[in-house]
Amino acid sequence: MIPGFNDSDDELTRLAGFVAGVSPDIPWHVTAFHKDYKMTDPENTSPETLIRAAEIGKKAGLRYVYAGNLPGQVGDLENTRCPNCKTLLIERFGYLILGYHLTPNGCCPSCDSSIPGKWASAFQGQITARPFVPRTRSRSDLLVLNS
């Protein structure tokens, strides 16, 4: 979401309504804009803006709404919860998976609701050792990573 470009309540409401009209089970990810490379304005997307957008998606009937690109700043909106009983199913911090609580057949362990998606019988490991957090690396860190 880019402040002043695509973050109006009207645009988000229409977009969320369209997605929910296709299927309320389609995951909707609202992600933060960060000033990087050649696009250095407008300001970065705030956590409050992402939370507002997520609420609009939930109000439209979407069951799996996520706010991302601001690890640890958007409350529970990085996690996957059962839409039926609200049990925490997948706990995340950015891209880092902290907890995986689905049954082997992809159901909620509390109410046995089937969770749409392709699920492994158990968590099979992490691709990254830590979440991406914007602007935390120094220029010298990047030179070491790219060599």
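The values are calculated or read from the model by the stated rules, or taken from the named source; none is laboratory data. None of the values given here were measured: they were computed from a predicted structure. A quick note on method: Cβ atoms are made from the backbone with ideal geometry, for glycine too, and the neighbour counts reach across all protein chains shown.
In the range 93-129, which residues are touching a residue at least 24 places away in the same chain (Cβ under 8 Å) and under 25 Å from SER23 (Cβ atoms)?
Result: TYR95, ILE97, CYS108, SER110, CYS111, SER113, ILE115, PRO116.
Just give me the residues in the range 59-94 being basic (Lys, Arg) and surrounded by fewer than 17 Cβ atoms within 10 Å (Cβ to Cβ), in sequence order.
LYS59, LYS86
Taking LEU15, is it modelled with pLDDT under 95, touching a strand residue (DSSP E or B) at 6+ places or on another chain (Cβ under 9 Å) and aliphatic (A, V, I, L, M)?
Considered against the rule, which asks whether it is modelled with pLDDT under 95, touching a strand residue (DSSP E or B) at 6+ places or on another chain (Cβ under 9 Å) and aliphatic (A, V, I, L, M), LEU15 comes out as no.
Small (Gly, Ala, Ser) and either part of a helix (DSSP H, G or I) or under 15 Å from ILE2 (Cβ atoms) (or both) - does that describe any residue in the range 70-83?
yes
Would you please name the residue that is surrounded by the fewest Cβ atoms within 10 Å (Cβ to Cβ), looking only at residues in the range 107-147 that are modelled with pLDDT under 80 and of a type in the set (Ser, Thr, Tyr)?
Only one residue tops the list, namely SER147.
Could you pull out the residue among GLU91, GLU43, GLU55 that is among the acidic types (Asp, Glu) and in a strand (DSSP E or B)?
The unique qualifying residue is GLU91.
Which one of the conditions (1) loosely packed, with under 15 Cβ neighbours inside 10 Å; (2) closer than 28 Å to ILE51 by Cβ; (3) at pLDDT 90 or above; (4) not acidic (Asp, Glu) does PRO104 fail to meet, given that it meets all the rest?
Against the list (1) loosely packed, with under 15 Cβ neighbours inside 10 Å; (2) closer than 28 Å to ILE51 by Cβ; (3) at pLDDT 90 or above; (4) not acidic (Asp, Glu), PRO104 comes up short only on (2).
Return a yes/no flag: does the range 42-54 have any residue that is under 29 Å from ALA120 (Cα atoms) and exposed (fewer than 15 other Cβ atoms within 10 Å of the Cβ).
The answer is no, given that none of the residues of the range 42-54 is under 29 Å from ALA120 (Cα atoms) and exposed (fewer than 15 other Cβ atoms within 10 Å of the Cβ).
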